[in-house]
Every structure is written in structure tokens, then in C-alpha cells.
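Structure, as C-alpha cells:
No lab work stands behind these numbers, since they all come straight from the coordinates. Quick caveat: nothing in here was measured; it's all calculated off a predicted structure. Glycine also receives a Cβ, built like all others from the backbone with ideal geometry; neighbour counts cover every protein chain displayed.
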Number of protein chains: 2
Amino acid sequence: MALELINRSWLEGGEQDRVLSALHLLREFVVVEAETRTNLMADLKIKSNDLSALRFVLDGSDEGAVSPRALGHHLGITSASTTALVNRLEHAGYLRREPDPKDRRGLVLHTTQAARVLLESSLQRQVSSLLTAAGSFNPDELAVVEDFLQAVTDALRS
Amino acid sequence: MALELINRSWLEGGEQDRVLSALHLLREFVVVEAETRTNLMADLKIKSNDLSALRFVLDGSDEGAVSPRALGHHLGITSASTTALVNRLEHAGYLRREPDPKDRRGLVLHTTQAARVLLESSLQRQVSSLLTAAGSFNPDELAVVEDFLQAVTDALRS
DNA sequence: CGATGTATCTAGATCGTCTAGTAGTTAGAG
DNA sequence: CTCTAACTACTAGACGATCTAGATACATCG
């Protein structure tokens, strides 16, 4: 959010035009990236938190099971809201509930193949565009970009 | 959103490690940036759309009046929702309604000084951190960064 | 075994948005 | 210049996603 406000009177201006220009481009990227997310929500006909949930389950199912508990904690919502959210996504055909073999109280969430196919077909074009765009820079240039991104990320974290 | 999923099986891997690494850092930045927005929402005790509205009125009040109509259109919500949103922000002391001198049907929205002070104090530290971080790169490096950001932004837009 | 903690779910309330429709104001066609 | 169509903001009522509170089933530890 800090980025979105950076074009106001935070700097007297003049001597750091180049820095401001770079940060403006960074802001522009963030805004456009947010739009792709909005478009995806429209494609899948789901809301923001449901899309975040889908991504979390999709990522997590690689390295281990995702429980409703973990999902709710990740999203910062209550267990009641998590139940409702999983109900929605299961009913929409994006998620499946399965019993947790290690704890009979628990559940394990999995994305359906339909969800994975839908996500991939929606994003494949953008992802390959991104890879092509970034691929046109040489290793030295990418090293500079990485340093910059690391620096601004650390700046926001502090 | 494409970025958030880029660490999955989109690439056979190997020959483009550097490219993937840069895009991962870009993703990391997007995630951290989103967290700063969440923190700001908690600070101001308002929700996402209300914060976007505040930013829109704040930006727009420089170059011309912002009407509820324009605000609602920008946010993609109906006029009824806009009325309710402006009610909330006005009641919270962040916004003022004033009659539009040029059209007696219309209103003009202004942020209160309290809102500006609160936003500035919440963001000043992060903005100066960002400027410091970006300021440690020389003009040549910043030019590379700008090219990269422009390229990935264009890639997402296409 | 029994006590306490954990994982999920249900019931009812709250809040932001929506659809539908109202009153006042503007502006263009005749 | 007037009449009518379009526009601006608002109100009323409904819906959906979230919340608080509490219920139920299972786990874990003394």
C-alpha cells in the first residue's frame, strides 16, 4: 500500500527522479498484477478469499496435506467461516474433503483435477509471457533486478 | 495472481534458473506488499474497498473533485454501495461530503486532515525505507530495473 | 479411565454489497 | 422556452461472507 501512495508529496523531488521512476514502475506492476487476480476471480466465479484458499491448497498439497484448520489460519478467518468456505468450494467442484488418516477428527483438503485444469488454462498464457519477458535479460541484468527486488522487499518488511 | 502460482510445474526447470529466481523475488515482493496493505487496514480499522476509496479520493483531490459517482465507478460497486461506503468513511471521520458547486445533484468528496495525518504517519516509515533501498542503486542499475519492470508489467497486460 | 485440549461443524447475528425504485436536477429536442 | 429523457445521490429490503458462541466427536496425557 505504501507504494500506491508514493506519488504524493513524500519527496521534494528533483535529485532522485530515477529512483522515483523505478518505484512508480514497481507500483504500476503491483496494480496490474492485482488486476490479473480480479480477472481470475471473474473467470472462476469466486471471491478473493476463496481464490486464496484454492491457491493455498494447491501449493500445500505438494508437500503435505492441508487441513481446514491450517487453511483458516492462513486466511485469518474463524473456523466457522472456514467451514462455510470449504462448503462453497466443494460445492463448486474445486475442492474435495477427505478424512485425515492420522486423526479421525481432522480432514484433508485436495483440489480437484477440474480446478487444476481450469487454473492452468487460465494462467498458462500469462505465465509464459512472464517467462519470455524475464528471459530476455542476461544473467548480469537479472542479478541487478534480483538485488533490487530483495532490497525493496526487505524495506517493506522492516 | 499468475505470479503466485509460478512456482508450480510450469517449467521443466534447469536452464532458466536465473529467470525463475527473479520471478520468485517478484512474487515475494507482491506478497509482502499485500501484507502492508492488510496491516494498514487494521491500523485504520477499515476494509479493503474503504481503503481503496480513501486512496482514490486522496489522489483525486489534487487534480480535481471526486464525486461519489466516480468513486463507485472506480471501485466497481453500485451507487447504493457507494452511498453506504461514503457513509461509513464519513462517520469514521475520514471523509467529508460537500455540495458540488457546478451541479446541484452532485457531491464532492474530500479527505479530512485527520485521515491524511493518519495515513502519512502510518506510511512515512515504509516509504522512506523504500526510497533508501532504491536509492542505493546507481542510474545504470536503475535503468535495468526499470526495463525489467516495464517488461513484466507489459507481459501481464497482454 | 477421566480430564482437558483439539478439529470441525451448526445456529444466529452483523456487515458490505446488490437490485429495485424514489426525488431532485440537468440538458437536449421540438 | 418548455417538456421530457437522462443523470446523481439516496432509501428499502435481500443476499452472502464473515463473526461469536457453543455443540460434538476424537485425541492425548496424567
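Computed extension length for residue B:87-residue B:103: 3.7 nm, one decimal, from 0.36 nm per residue of separation with the Cα-Cα distance subtracted. Each Lys and Arg contributes +1 and each Asp and Glu -1, all at the Cβ; summed about the Cα centre of the range B:71-158, the dipole is approximately 720 debye. Charges were assigned to the Cβ only: +1 to each Lys and Arg, -1 to each Asp and Glu. The resulting dipole of the range A:1-133 about its Cα centre is roughly 620 debye.
With the simple model of a label 7 Å out from the Cα in the direction of the Cβ, residue B:121 to residue B:31 spans 3.3 nm. Springs between alpha-carbon atoms under 10 Å, Gaussian network over chain A: tell me which of A:71, A:44, A:26 tops the mean-square fluctuations. In the Gaussian network model the winner is A:26. Computed 3J(HN,Hα) for the range A:117-124, one whole-Hz value per residue from the Karplus formula 6.51 cos²θ - 1.76 cosθ + 1.60 where θ = phi - 60°, is 4, 5, 5, 5, 5, 6, 10, 3, glycine and proline marked x.
For the residues A:60, A:72, A:106, a GNM of chain A with alpha-carbon springs under 10 Å puts the largest fluctuation on A:106.
In chain A, a dipole from Cβ-located charges (positive for Lys and Arg, negative for Asp and Glu) runs towards its positive end, and of A:101, A:51, A:70 it is A:101 whose Cα lies farthest in that direction. Listed values for the range B:35-44 are Karplus-derived 3J(HN,Hα) couplings in whole Hz (6.51 cos²θ - 1.76 cosθ + 1.60, θ = phi - 60°), namely 5, 5, 5, 4, 4, 5, 4, 5, 4, 8, and x replaces Gly and Pro. If you look at the Cα atoms of the protein assembly as shown, you get an Rg and a Dmax of 21.5, 69 Å. Label positions at residue A:158 and residue B:73, each projected 7 Å from the Cα along the C-beta direction, are separated by 4.2 nm.
In this assembly of identical copies, the label point of residue B:35 (Cα plus 7 Å along Cα-to-Cβ) is separated from its counterparts by 2.8 nm, sorted shortest first.
Plainly put, the tip 7 Å out from Cα toward Cβ on residue A:157 is 3.1 nm from that tip on each other copy, the closest given first. This model, with +1 at the C-beta of Lys and Arg and -1 at the C-beta of Asp and Glu, gives the protein assembly as shown a dipole about its Cα centre of some 1960 debye.
Using just the alpha carbons, could you tell me how many Å³ per residue the convex hull of chain B encloses? Before the final figure, lay out the partial values.
On the way: hull volume 26.0 nm³, N = 158.
That works out to 164 Å³ per residue.
Projecting the Cα atoms of B:128, B:26, A:84 onto the charge dipole of the protein assembly as shown (Cβ charges, centred on the Cα centre) puts A:84 farthest toward the positive pole.
Springs between alpha-carbon atoms under 10 Å, Gaussian network over chain A: tell me which of A:25, A:40, A:109 tops the mean-square fluctuations. With Cα springs under 10 Å in chain A, the top fluctuation among A:25, A:40, A:109 is at A:25.
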